[in-house]
Structure formats: C-alpha cells, structure tokens
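J.: Before I ask anything, here is the structure I am working with.
The values are calculated or read from the model by the stated rules, or taken from the named source; none is laboratory data. Please read all numbers here as calculations on a predicted model, not as lab measurements. Glycine gets a Cβ as well: all are built from the backbone with ideal geometry, and neighbour counts include every protein chain shown.
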Amino acid sequence: MFEGLFQPMHLIIILVIVLIIFGPGKLPEIGKGLGKSIRDFKKAMSGENDKPTTDIKKEPASQDTIEMKKETIQQETVEPKKEATPQDTPEKKA
C-alpha cells in the first residue's frame, strides 16, 4: 500500500505543494520547528532528559521604556504627592 509513497517524484510534488501553501519565507521556520519537535520527541522517548526544556529569551528593554521608568522614579522622589487640605480646596457658596 505504501510502497511507492517515498519515491523521488512524490517527494518533489509534496515539496512543491508545501512551497505554494506556505511560501519561501516560512519554510526555514517550519523546518526549524519540525526538527526541534523531532529532537525533543527522541529525547523524551530515550529518557535522556526528564525535565521539559523551555527556551525563554529575554530581550533587552528598549531605550524608551528605560527612560519612562527613570522619569517615573524621579517624579516620585522629587515631587511627593500632596494630599488635599481644607485650605487648598475651594469653598462652595450656596
């Protein structure tokens, strides 16, 4: 039933269909994800690594974010918040 499934002509047709669907820009990402998932599956089946791997990459904060945080800290330290006192509030005239 599956004798001729992996013949070169069939693989070329499958590759052309995948290229049409996903485009040339996405193929490296798809290949990377497929390779990583196969690698993780092999590790899980062999029991080589019992803990799941997580690839968390911290990106440095942008300069705008850093400046905003600095301004906020400076405002809080230089100008303490004033609480409203009866002298500061306008009186209501009836």
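Results for (1) at pLDDT 85 or above; (2) more than 24 Å from the chain's Cα centre (by Cα), shown as yes or no for each residue.
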| residue | (1), (2) |
| --- | --- |
| PHE2 | no, yes |
| VAL16 | yes, yes |
| GLY23 | yes, no |
| MET45 | yes, yes |
| GLU48 | no, yes |
| GLU71 | no, yes |
| GLU76 | no, yes |
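J.: Residues in segment 82-89: is at least one surrounded by 10 or more Cβ atoms within 10 Å (Cβ to Cβ) and at pLDDT below 75?
T.: no
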